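Presented below is the structure to which this report refers.
Each value in this text was obtained by applying a stated rule to the coordinates, not by laboratory testing. What you are looking at is a predicted structure, and each value in this text was computed from that prediction instead of being measured. Neighbour counts run over all protein chains shown; Cβ positions are idealised from the backbone, glycine included.
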Amino acid sequence: SSLTVKKLAEKLEVEPNSLMQELIGLGIMATINQELDEDTIEVIADEYGYEVTTEPEEEIKEEDLGLNELVQDIEDNPEDLQDRPAVVTVMGHVDHGKTTLLDVIRKANVTASEAGGITQHIGAYQANINGDKLTFLDTPGHEAFTSMRARGAQATDITILIVAADDGVMPQTVEAINHAQAAEVPIIVAINKIDRHNAQPERVKQELTEYGLVPEEWGGDTICVPISALKKENIDGLLEMVTLVAEMEELKANPDRPANGVIVEAELDKGRGAVATVLVQNGTLKIGDSIVAGLSHGRVRAMIDDQGERIEEAGPSTPVEVLGFNSVPQAGDLLQVLEDEKEVRNLAEDRQSKKRQQDLGQKQTVSLDDLFEQIQQGEIKDLNLIIKGDVQGSVEAVKDAIVQQSTEEVQVKVVHSGVGAIREADIMLATASNAIVIGFNVRPDNNARQIAEKEKVDVRTYRVIYKAIEDIRAAMEGLLDPDY
Ligand code: GDP
């Protein structure tokens, strides 16, 4: 993971300037918005007496635009609620046995009809444990957590944290603990590979206490179950514990309402078009339902369950493959059923146009703060400027001086110059030409200021020419002082 100079300064509670000084000491000339790599972050943090730990990164990008909101989220009457299966994810460090465990549980639940055939893999499946059902998300645990949680979807009820007894707590173990704890999802620890001669289950428990997971047998409330996924040892014991915790959670849903759910996996299938695995979270999804998920919409044409059977309806906590989307939704998108096809299409199209605007807005702006970065990444070849000033003479003087700042990498161009305040038309031109607006002894009027903010146009005002030249040169060289 990486951080910008600005973000790192915030975290360390120091002035960005002093941080940039430190960086220069390390031979790194960074701008305020420059991304720093992990090694640099660690060194810097160390200088300030901090230690770097990985925490769940939550990129909530689309939330503000409401690209993935549930419209008409109906409140359920308590008397309509019925028990539903728990949704379980398996998380842990790479090679600690997630896939092996998920496969073992899955194979134990393959029906007779399917046993000889090809196993259906849809990214999630249901297992029967002594009459209780559990739904397992079969996608890499982290993905399930990060992308879905970033979109505000809580898909998991219980996490099985798998830790290899011969390896102990590793970085991704810690990451998984952080995710689960942040989401307030109960954790059951599976200490795996106890068949290995060098297995040290007690050491694993000791290490877990450092992260707030104290085993029951040591007086805490974390259930730890020793297993061997490879030798299929004590899997029943583990699953029994999971059903026990599930019972305590008293998970309920109302099967008798239009469905909502979350996209677990989705892809474009050559023969079948967009295919998405949906985890129904509430209500019942039926053939013919009008559905919308993120930017995609459609009608449920067919549904296939985890056993490869075609089904007509899918109730709460059921994973099901859905055919009928007009395009491929993204994992983590929220699915909902609306009245008719017109409604889902309108919602999806509305989201698409908002998304387009957002994309446009992001691509088109240039600012002095991240100029150097954009130059380095080859995103910018011309630095376009719009210059406004109080008198013709100063405008001309500035224009000449600024154009001389061109380098081999970047051509400095003045796309427009004039006398008078910075107005709406100047901002619109800046948007169209991806330019920065510079004012000499003039300011933007109210209207222009508002539009500049909305369109993210960088407007800079100066009283002296040399200061403007200095800033532009510094920005091009990545040495611009932050303006706070
Ligand atoms: P993942 O990366 O967490 O999905 O881990 P895998 O399930 O792919 O397992 C990684 C390796 O550990 C594979 O070679 C497995 O065969 C092996 N493995 C998994 N569980 C056990 C176990 O209980 N005992 C032993 N000895 N090996 C295991």
Q: Please list, or write none, the lysines whose alpha carbon is within less than 24 Å of the alpha carbon of Lys98, excluding same-chain residues fewer than 8 places away.
A: Lys107, Lys133, Lys193, Lys205, Lys231, Lys232
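Determine one quarter of the surface area of the Cα convex hull of segment 285-373, which equals its mean projected area, and express it in nm² to one decimal. Display every interim value, and only then the final one.
On the way: hull surface 31.6 nm².
The Cα convex hull of segment 285-373, projected and averaged over all directions, gives 7.9 nm².
What order do you get for Asp426, Asp236 when you list them from fewest to most C-beta neighbours inside 10 Å?
Details: Asp426 27, Asp236 13.
With the sparsest Cβ surroundings first, the list reads Asp236, Asp426.
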Q: Starting at the first residue of segment 343-353, write each ³J(HN,Hα) from the Karplus equation 6.51 cos²θ - 1.76 cosθ + 1.60 with θ = phi - 60°, in whole Hz, x for Gly and Pro.
A: 5, 5, 5, 4, 5, 5, 5, 4, 5, 4, 6
(Q) From the gyration tensor of the Cα coordinates in segment 312-352, what semi-axes in whole Å does the equivalent ellipsoid have, largest first, with each one equal to sqrt(5λ)? (A) 20, 13, 10
**Q.** Cα Rg, Dmax (largest Cα-Cα span) when computed across segment 369-484, Å
**A.** 13.2, 37
Q: Taking the Cα centre of the chain as origin, sum charge times position over the Cβ atoms of Lys and Arg (+1) and Asp and Glu (-1), and report the length of that vector in debye to the nearest 20.
A: 1580 debye
Q. Going by how many other Cβ atoms sit within 10 Å of their own, how do Tyr466, Tyr125, Tyr211 line up, fewest first?
A. Tyr466, Tyr211, Tyr125
Q: Enumerate the amide H contacts of Ile160 below 5 Å, restricted to partners 5 or more residues apart or on another chain; note that Pro and chain-start residues carry no placed amide H.
A: Thr89, Val90, Met91, Ile188
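Would you mind ranking Met170, Met20 by Cβ crowding within 10 Å, fewest neighbours first? The partial results should precede the final answer.
Details: Met170 17, Met20 22.
If I rank by nearby Cβ atoms, fewest first, I get Met170, Met20.
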Q. In bins 10 Å wide, starting from 0, what share of all Cα pairs of the chain does each bin hold, as a percent?
A. 4, 16, 21, 19, 17, 13, 7, 2, 0
Q: Determine one quarter of the surface area of the Cα convex hull of segment 209-333, which equals its mean projected area, and express it in nm² to one decimal.
A: 10.8 nm²
